[in-house]
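Below is one structure, written out as structure tokens; the observations come after it.
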């Protein structure tokens, strides 16, 4: 079974991580992330091949990140990857009060695009969604044998 989760990348010099998922549904997205103020994330690929959430909180560690969710690996075409990278670049620049343009923006955009490509290739810090396993116990059936049959004990069947 294919593992479910997302890739996490740390830009080190910027205050916001980048998380990239491929085909994450709404239930799983909301197990991992919430809006900065606790909002539920809406995941709908009806009219889009990817969605970028500028500022979400990772529920596991409470860190803020930009989160890109691609509908599938097949949807990760160059134009769409660049489009989503631009949204993340704007979000990070806005978060630190940086004007867009010049070498700093170019390097940031290159880093974001590289991370998206790494996620497409399966490279990076993969955060797997852990599901709680429920152990189902087999029922135990106790049959009492009647004295008249010549057996005078209980028989336990592990069903």
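Just so it is clear, none of the values below were taken in a lab; they were calculated from the coordinates. Please read all numbers here as calculations on a predicted model, not as lab measurements. In this analysis, Cβ positions are derived from the backbone assuming ideal geometry, glycine residues included, and neighbour counts consider all displayed protein chains.
Points to keep in mind about this one:
- Of all residues in segment 7-28, those satisfying the criterion of being closer than 23 Å to residue 93 by Cα and assigned to a loop (DSSP other than H, G, I, E, B) are 10, 11, 12, 13, 14, 15, 16.
- Condition met for residue 119 (loosely packed, with under 13 Cβ neighbours inside 10 Å, touching a residue at least 12 places away in the same chain (Cβ under 8 Å) and either assigned to a loop (DSSP other than H, G, I, E, B) or out of contact with any helix residue (DSSP H, G or I) (no Cβ under 8 Å at 6 or more places or on another chain) (or both)): no
- Filter pass, residue 89 being under 14 Å from residue 18 (Cβ atoms) and without any contact (Cβ under 8 Å) to a residue 60 or more places away in the chain: yes
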